[in-house]
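Step one of this worksheet: look at the structure below.
The values are calculated or read from the model by the stated rules, or taken from the named source; none is laboratory data. Computed from a predicted structure; not experimentally measured. Quick reminder, even Gly has a Cβ in these numbers, built from the backbone with ideal geometry, and neighbours come from all protein chains shown. SASA here: full protein model, heavy atoms, side chains in, ligands and nucleic acids out. Shrake-Rupley method; radii C 1.70, N 1.55, O 1.52, S 1.80 Å.
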Amino acid sequence: MDIKQIEKYGQLIKDYTLNNHKECFREPAGKLKYKFIVPGISYPNSLWDWDSWLTDLALGNLPE
């Protein structure tokens, strides 16, 4: 993969994340008493450990 492809896909990932990041936030449900983050919008209401933590780090670094 050349640098132009890397830049293209990098921008696509950034745009997708900026447009869809709010879908990673979940409301309390079942035994989960607090709001939580899932590592992707296609995940159901399941709390993940490392994946959610790393997703939180990434979301915290999004530009405002």
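List of remarks:
- Of all residues in segment 4-18, those that are under 18 Å from Ser42 (Cα atoms) have Cβ atoms under 9 Å from Cβ atoms of residues that are open to solvent by less than 100 Å² (accessible area, probe 1.4 Å) and assigned to a helix (DSSP H, G or I), 6 or more apart or on another chain, in Thr17/Ala58; Thr17/Leu59.
- Leading residue by the ranking (farthest from the chain's Cα centre (by Cα)) among those in segment 15-53 that are assigned to a helix (DSSP H, G or I) and among the acidic types (Asp, Glu): Asp15
- Tabulated pairs, segment 38-52, first within 12 Å of Phe25 (Cβ to Cβ), second open to solvent by less than 70 Å² (accessible area, probe 1.4 Å) and at pLDDT below 80, C-beta under 7 angstrom, 6+ apart or interchain: Val38/Ser46
- Checked against the criterion of being touching a Ser or Thr at 6+ places or on another chain (Cβ under 8 Å) and either within 19 Å of Gly60 (Cβ to Cβ) or among the β-branched types (Val, Ile, Thr) (or both), segment 22-34 has at least one qualifying residue.
- Enumeration of residues in segment 1-31 that are open to solvent by less than 100 Å² (accessible area, probe 1.4 Å) and touching a Leu at 6+ places or on another chain (Cβ under 9 Å): Thr17, Leu18, His21, Cys24, Arg26
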